[in-house]
Amino acid sequence: MIPGSFDYHAPSSLDEAIKLLDDLGDDAKILAGGHSLIPMMKLRLVEPVHLVDINGLSDLNYIKEDGGFLCIGAMTRESTLETSELIASKYPILKDTSQVIADPLVRNLATVGGNLAHGDPANDHPATMVALDAEIVVHGPVGMLTGGKRTIFVDDFFVGPLTTALEENEILTEIKVPTPEGKFGAAYQKLERKVGDYAIAGVAAAIQFDGDTCSKAGIGLTNVGPTPVRASEAQDALVGTTVSQEDADKAGELAAAASQPVGDHRGSEEYKRAMVRILTSRAIMQAKERAEGGN
Amino acid sequence: MSKCKTSAEVGGMGHSIKRKEDPRFIRGQGNYIDDVVRPGMVFMDIVRSPYAHAKIKSINTEKALAHPGVAAVITGETLKEYNLHMMPTLMSDTQMVLPVEKVCYQAQEVAAVVATDRYSAADGVELVEVEYEPLPVVTDPFKATDKDAPIIRDDKEGQESNHIFHWEAGDKEGTEEIFNNADVTVKQDIYLPRIHVASIETCGCVSEFDSVTGQLTVWMTTQAPHAIRTVLALVAGHVGLQEDKIRVIAPDIGGGFGGKVPVYPGYVIAIAGSVVTGLPIKWIEDRRENLQADSFARDYHMSCEIAADKNGTLNGLRIKTLADHGYADAAANPSKFPAGMFSICTGSYDFKNAFVEVDGVYTNKPPGGIAYRCSFRVTEAVHAIERMVDMVADEIGMDAADIRMNNFIPKDAFPYKSPMGWEYDSGDYHGALKLAKDKIGYDELLKEQAKKREKGELMGIGISSFTEVVGAGPSKDFDILGIKMFDSSEIRIHPTGKVIARFGTKSQGQGHETTYAQIIAEELGIPVADISVEEGDTDTAPYGLGTYASRSTPTAGAAGAMACRKIKDKSQKIAAHLLEVSEEDLEWEVGKFSVKGVPDKSVTIQEIAFAAYTNHPQGLEAGLEATHYYDPPNMTYPFGSYIAVVDVDRDTGEVKVRRFMAVDDCGNIINPMIVDGQIHGGLAQGVAPALYEEISYDDEGNITGGSFMEYLVPTAMEVPHFETDKTVTPSPHHPLGAKGVGESPTVGAPPAIANAVVDALSHLGVRHLDIPLTPEKVWRAIHKQDAA
Amino acid sequence: MATQSITININGEGRTAEIEDRLLLVHFIRDNNGLTGTHIGCDTTHCGACTVLLDGTAVKSCTVFAVQANGREVTTIEGMEGDALHPLQEGFMEEHGLQCGFCTPGMIMSSKHLLDKNPEPTEEEIRWGISGNLCRCTGYQNIVKAVQYASNKLQESTREGGE
């Protein structure tokens, strides 16, 4: 219940924050929403010597469209995403995702950037970002990165459980989601044992149509692997089809085969795999319905 | 429902008076254990074992003691010097306060750190170094009595196995004969897994010892402060504590439900520490400690059989139970009932005969067994009978409501003696089930279900028609550690007609400050607003056995009524004196005595109270007060019928409770609003074990369910909206005709939901499922049938 | 052991103390300032008994460090009553929305934020809005009614204020 001791730093600019991380090395952890980190500290599962609080970086809190992308500042709270009209109307999959993260109180502080940077495959945004082919913008020391920043494609961002491509002295600053064009729909379906729990399994599906035919599909899986899983074969199987129920079910089988669930108190491997199959099919059909103007 | 005898302003029985305790709670001005602050107070935190069974090779406290803020580290060796390292359980077994030789469950207390603040205490805990030598672990109760099973309680003289007790009730031979001649027998193993009540407030205490006066004061989250005081006097008498110098204060309690009845080692260590150091010590457990080490509930493996005839008449019942008690029998049942009231398992049905046997065994798990709103194992008994009755109905192709109606004990058969020896006081089981069926539209639901089945949709309807047995209990049968289970009330009326009333029970949210005042208002006509009710301080409250097992209204409530009647008798004498007539010439109407035939010649209870101090009749003592210790002549038997409607997602196994209709009968009702609140809360604590909650252990004794991450307490999204209604069948022996209600819903709800889910899948060939009905469990049942 | 001096405005009053960097906000409120209406019910950020408003937003104060609230405004249950009880406090009493009272302050603070954002929530929206607060006593049914009571009362006074 009581965390170990640490030194607290509250930088007021991005440069200050990066400098602190650079100086302190792996003794430091970033404090954003804190609702993944602080619970771990209270159980003494992690005991950082230094905490770098980036809540003072208020200019990282924004949602805007720019240059063909939806740009979400890393410090955007989940509750902001949940209630944004832009998100609800044009990117409803992000609302699907944010609203099933933990509970309303946690969502008031938890950040989108943190949900990705923590690198936990049980978190919900990673699979959605995979399905959407998101890009992750990271800032670091100028000496290390050209212009002090780099962009990482989502598939390269998640390396292993609780491990991302972020260096010790880098901060995730923005998430870029391609703005859909034409007939497009996306949805996230999560199966949880109760509100507030992590997923038994979760599936994000994003489908681009050319007329009545699927021209591109993105399918990401939550909590059934050491990282979010891209169900590539399932994606490929949808391309060129009209995404009938049969096509969706077939994709579900392939996604289930691609998943690597581990049996635990949330479910056995067999059950989780079966749920990937069901949720993939459901997410695909909901994505299709949205593409056709439905809900 | 009968019309109220008193006006709303007086607020006697039947009025939904707003609660008198609320003004402080809604302002955040409650006084809970962690709000208690004493001058010089220090904090205690506990080092706990990661192993389920291990020898303690060494405990190194050097680093901990060197940490700034840490004042002391207490170990089993420390306590052994005072012979305080072991203590009795409320079931007359023994358990460790702190171990000297070995630990017997994961999260067992191993040492305690005392520090100036809670943060330093937590740091100190991390710095205590314990060396363990793991021992073989016993977690499967079926293997606990194997010849080669390690003996867990090798500290107990004469303990040669892990068997604790064998207990029987009923007629073995007579029942066997029924089974031998039965048309139909149905057999099923039913397991109710270990669960934890998880009140939002965890347990804790503040212990303060004055070495000059020898006075020990302990603020403690306890549902039974007097029993605790006596136990402390008996256990620590040898170190100089005596009962007149022990004061136990139960402050506001954030939920008990049975979890705050046992004496946890943390309390005893804090008390010992406060005596030894002379400092007030506060100990507040955190949630993981609460889930992993405090008393659990259920963990009953029941092998059940019913013998019936082909028309569905239920004739015989047999249940053989293996009870997993953890490493000590600390279940706090009345002493002659090691399996509690389990033999109520013939339920609402007129069985010809029945036989039950229960064997308790030790395993490497925390001790406990009845700490979750269970009425001393009635949850287990009712779950068994209600599931089995459904199975018989299923076997012979009879409707679940019909088989119940055909077998209910009829209304005119009360008082009814069951084959197990319980004398049910009153009941109208047909009335309750009929009302439930009507209110939920049972016949329409059956039609809807049939239509849905044709489309492959899974919908289930489940019934539970339970009979409870509460109000422990009559002195001839019931005691805890030898202390009889009466309860008490002490009522005093002041000169200005205001009342102070104290009781031997202890509310943890049940609203006694309001309901007891309403009893007094009913009896004496004094407005509820003029009555103060106190509980929980052993220095002032009369001796009682506390609040659990729905016993307060049946025992202390009755005591209150009886004390009021003594006061009324004395008031009549004073009234006669004031009105200058003889007592026989007076008649009582709420709040006043008047002369028969001359209604204008009257005197109010307030005037009588004033006169008791200013103008009492010669030969009569002054003052207006009475104490009553009530020994109930019998238990009371609340009952009800619940009907649950569920929809099951075929692909995921998720269960949604679409509707839940609860008809309860708790006899005469004191406060309908509070009764409904008790029912909603109890139903939620019935839905929870039915669908979500479970604590389990692997072969090494590692717990799953030891934090809120895995132990799933339902939120407002999981708990459905409940529909409630009542029938009223008063208890013939209770002074107010009231029965108690708090645990009826936790008893009745889980089998209603289990029956509904099995009903949803029965056409697929599913016969039985154990709770919790997790999505995966339901999914497997569906798909096993599909595959077969 | 790193410490620093912080000032947090609690219920309109500046509270200053020298505290450890690791001190949780809930302990600053309860132990340093004696405002014990905010409660602790778990250790994994589930139960919500510790809910307070931080700059008007409902948060679990057991999962925020006191230093993070330096210079900011916290509202606890003790700050809800002005000249009269807040309609939520009234609603909990009128509708029997509490039994043991331990989850109640957290429920009220969560509900306050809910009604600020959504003044006329449906039953479903109320249940969703309080899904971060656990209760063991009430089964939530009367808590929903309490929030509806408050919503109605607040809407009434808004309408009256407009006339």
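Scanning region B:21-60 for residues that are within 13 Å of another protein chain (Cβ to nearest Cβ), aliphatic (A, V, I, L, M) and either under 21 Å from B:THR217 (Cα atoms) or touching a residue at least 60 places away in the same chain (Cβ under 8 Å) (or both) returns B:ILE33, B:VAL36, B:VAL37, B:MET41, B:ILE46. Residues that are of a type in the set (Lys, Arg) and touching a residue at least 40 places away in the same chain (Cβ under 8 Å) within region B:144-158 comprise B:ARG153, B:LYS156, listed in sequence order. For region B:509-546, the tally of residues that are outside any helix (DSSP H, G or I), within 14 Å of another protein chain (Cβ to nearest Cβ), open to solvent by less than 10 Å² (accessible area, probe 1.4 Å) and not small (Gly, Ala, Ser) stands at 0. Inspection of region A:203-223 finds a residue satisfying the criterion of being within 14 Å of another protein chain (Cβ to nearest Cβ) and among the polar types (S, T, N, Q). Scan region A:82-105 for residues that are in contact with a strand residue (DSSP E or B) (Cβ under 7 Å, 6 or more places away or on another chain), among the aliphatic types (A, V, I, L, M) and closer than 24 Å to A:GLY56 by Cα and the total you get is 1. Take the conditions within 26 Å of A:ARG107 (Cβ to Cβ), of a type in the set (Gly, Ala, Ser), under 22 Å from the mean Cα position of the chain (by Cα) and open to solvent by 10 Å² or more (accessible area, probe 1.4 Å) and apply them to A:GLY196. Does it pass? Answer is yes for this residue.
Inside region A:6-69, counting only strands (runs of 3 or more DSSP E) that do not spill past its ends, which hold 2 or more residues that are of a type in the set (Ser, Thr, Tyr), open to solvent by less than 60 Å² (accessible area, probe 1.4 Å) and more than 28 Å from A:PRO121 (Cβ to Cβ)? Show your work before the answer.
Details: elements: A:7-9, A:28-31, A:50-53, A:63-66.
In region A:6-69, no matching strands (runs of 3 or more DSSP E) lie anywhere.
Applying a threshold of 9 Å to beta carbon distances and a minimum spacing of six or more residues, or different chains, the list of pairs starting in region B:217-234 at a residue that is under 19 Å from B:ALA556 (Cβ atoms) and ending at one that is acidic (Asp, Glu) and in a helix (DSSP H, G or I) reads B:ARG229/B:GLU243; B:THR230/B:GLU243. Considering (1) closer than 16 Å to A:HIS139 by Cα; (2) at pLDDT 95 or above, the lone condition that A:THR83 does not fulfil carries the number (1).
So, of the residues in region C:21-37 that are within 7 Å of another protein chain (Cβ to nearest Cβ) and under 23 Å from B:SER120 (Cβ atoms), which turns out to be surrounded by the most Cβ atoms within 10 Å (Cβ to Cβ)?
Of everything passing the filter in region C:21-37, C:ARG22 is surrounded by the most Cβ atoms within 10 Å (Cβ to Cβ).
When the residues of region A:260-285 are filtered to those that are among the polar types (S, T, N, Q) and surrounded by fewer than 24 Cβ atoms within 10 Å (Cβ to Cβ), the one that is farthest from A:LEU94 (Cα to Cα) is A:SER268. All of B:TYR82, B:TYR32 fail the test of being of a type in the set (Phe, Trp, Tyr) and open to solvent by less than 30 Å² (accessible area, probe 1.4 Å), apart from B:TYR32. All told, B:GLY681 meets the bar of being touching a Cys at 6+ places or on another chain (Cβ under 8 Å), closer than 30 Å to B:ASP324 by Cβ, within 14 Å of chain C (Cβ to nearest Cβ) and in a helix (DSSP H, G or I). Taken as a whole, the structure leaves B:VAL719 outside the set of residues that are touching a residue at least 24 places away in the same chain (Cβ under 8 Å) and within 26 Å of B:TYR516 (Cα to Cα). Against the list (1) farther than 18 Å from B:ILE670 by Cα; (2) within 14 Å of another protein chain (Cβ to nearest Cβ), the condition B:VAL499 fails is (2).
Within the set B:LYS498, B:LYS476, B:LYS434, B:LYS411, the sole residue that is charged (D, E, K, R) and under 22 Å from B:ASN333 (Cβ atoms) turns out to be B:LYS476. Of all residues in region C:62-93, those satisfying the criterion of being closer than 30 Å to A:ILE2 by Cα and small (Gly, Ala, Ser) are C:ALA66, C:ALA69, C:GLY71, C:GLY79. Of all residues in region B:568-588, those satisfying the criterion of being small (Gly, Ala, Ser) and either touching a Cys at 6+ places or on another chain (Cβ under 6 Å) or over 14 Å from B:LEU624 (Cα atoms) (or both) are B:ALA576, B:SER582. Filtering region B:348-372 to residues that are assigned to a loop (DSSP other than H, G, I, E, B), over 30 Å from B:ASP146 (Cβ atoms) and open to solvent by 10 Å² or more (accessible area, probe 1.4 Å) leaves B:ASP350, B:LYS352.
Within the bounds of region B:164-186, is there any residue that is surrounded by fewer than 20 Cβ atoms within 10 Å (Cβ to Cβ), under 22 Å from B:LYS55 (Cα atoms) and either among the hydroxyl-bearing types (Ser, Thr, Tyr) or away from every other protein chain (no Cβ under 14 Å) (or both)? So far as region B:164-186 goes, no, none of its residues is surrounded by fewer than 20 Cβ atoms within 10 Å (Cβ to Cβ), under 22 Å from B:LYS55 (Cα atoms) and either among the hydroxyl-bearing types (Ser, Thr, Tyr) or away from every other protein chain (no Cβ under 14 Å) (or both).
Evaluation of C:HIS27 against the conditions (1) without any contact (Cβ under 8 Å) to a residue 60 or more places away in the chain; (2) over 16 Å from the mean Cα position of the chain (by Cα) shows that the sole unmet condition is (2). Could you list, in sequence order, the residues of region B:661-678 that are within 9 Å of chain C (Cβ to nearest Cβ) and among the hydrophobic types (A, V, I, L, M, F, W, C)? If the condition is that a residue be within 9 Å of chain C (Cβ to nearest Cβ) and among the hydrophobic types (A, V, I, L, M, F, W, C), then B:MET673, B:ILE674 are the ones that fit.
The sole residue among B:VAL499, B:VAL469 that is open to solvent by less than 10 Å² (accessible area, probe 1.4 Å) and either of a type in the set (Ser, Thr, Tyr) or within 30 Å of B:VAL595 (Cβ to Cβ) (or both) is B:VAL499.
Set side by side, the residues B:HIS763, B:HIS783 differ, and just one is open to solvent by 20 Å² or more (accessible area, probe 1.4 Å) and without any contact (Cβ under 8 Å) to a residue 60 or more places away in the chain, which is B:HIS783. Scanning region B:5-16 for residues that are within 14 Å of chain C (Cβ to nearest Cβ) and either outside any loop (DSSP other than H, G, I, E, B) or over 25 Å from the mean Cα position of the chain (by Cα) (or both) turns up just one, B:HIS15. A search for C-beta distances below 7 Å between a residue of region B:647-671 that is among the basic types (Lys, Arg) and any residue that is open to solvent by less than 20 Å² (accessible area, probe 1.4 Å) and not in a loop (DSSP other than H, G, I, E, B), counting only pairs 6+ apart in sequence or on different chains, returns B:ARG650/B:LEU458; B:ARG650/B:ILE782; B:LYS656/B:VAL646; B:ARG658/B:VAL645; B:ARG658/B:VAL646; B:ARG659/B:ILE440; B:ARG659/B:VAL645. All but one of (1) within 14 Å of chain A (Cβ to nearest Cβ); (2) not in a loop (DSSP other than H, G, I, E, B) hold for B:VAL747; state the number of the condition that does not hold. Single failed check for B:VAL747: (1). A single member of B:ALA556, B:ALA561, B:ALA575 is part of a helix (DSSP H, G or I) and under 21 Å from B:GLU9 (Cβ atoms), and it is B:ALA561. Counting only strands (runs of 3 or more DSSP E) that fall entirely inside region A:70-166 and contain at least 2 residues that are open to solvent by less than 10 Å² (accessible area, probe 1.4 Å) and away from chain C (no Cβ under 14 Å), the qualifying elements are A:135-139.
The values are calculated or read from the model by the stated rules, or taken from the named source; none is laboratory data. From a predicted model like this one, the values you see are computed outputs, not experimental measurements. When we count neighbours, we look across all protein chains shown, and the Cβ atoms used for this are built from the backbone with ideal geometry, even at glycine. Calculation scope for accessible area: heavy atoms of the full protein, side chains included, ligands and nucleic acids excluded. Shrake-Rupley method; radii C 1.70, N 1.55, O 1.52, S 1.80 Å.
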